[in-house]
Structure formats: C-alpha cells, structure tokens
1. Answer yes or no: is there a residue in the stretch 7-15 that is assigned to a strand (DSSP E or B), surrounded by fewer than 16 Cβ atoms within 10 Å (Cβ to Cβ) and at pLDDT 95 or above.
2. Yes or no: the stretch 18-41 includes at least one residue that is touching a strand residue (DSSP E or B) at 6+ places or on another chain (Cβ under 7 Å) and touching a residue at least 40 places away in the same chain (Cβ under 8 Å).
Amino acid sequence: MVKIDVDTCVGCGGCIDLCPATAICLVNDRSCIDVDLCLECLTCVKVCPVKAPQVV
Ligand code: SF4
Ligand code: SF4
C-alpha cells in the first residue's frame, strides 16, 4: 500500500497530475491517496521531489 507522509508533502501537485488512476487529491494542501483506486504503480513514489509517498 502507498501512503503519503503529510508532514513531508509540500502540496506541489506533481503526483496528482501523473497518477494514472486519478487516485490522489489535495486535502488541506497535502496529497491524499484513495487506496481503493490506487494501482500501486509507484509513479508517485518515483516523481515526488520530497519522497512523501511511501510504500507501507
Ligand atoms: S501508486 Fe500509482 S496509482 Fe497509486 S497513487 Fe501513486 S501514482 Fe497513483
Ligand atoms: S509530488 Fe510529493 S510533495 Fe508533491 S503533492 Fe505529491 S506527495 Fe506532495
């Protein structure tokens, strides 16, 4: 499962634009993944500049 570390996310939105499942949205300027939609492709993990998305 992929989760966003909200203390690390800076809300740049880069992962949202690239998620193939449109599983990520911003909540209070931080990314939030809908685990029911996530395909676990790990694109967000690779593209995030601050490594906020993490496999848990
Ligand atoms: S792992 Fe892939 S499908 Fe899941 S939230 Fe990240 S980019 Fe979207
Ligand atoms: S790419 Fe990283 S810093 Fe930017 S919104 Fe996504 S998780 Fe947050």
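The values are calculated or read from the model by the stated rules, or taken from the named source; none is laboratory data. Quantities reported herein were computed from a predicted structural model and do not represent experimental measurements. Every residue, glycine among them, receives a Cβ derived from its backbone with ideal geometry; neighbour counts consider all protein chains shown.
1. Taking the stretch 7-15 and keeping what is assigned to a strand (DSSP E or B), we get none.
Scanning the stretch 7-15, I find no residue that is assigned to a strand (DSSP E or B), surrounded by fewer than 16 Cβ atoms within 10 Å (Cβ to Cβ) and at pLDDT 95 or above, so the answer is no.
2. no
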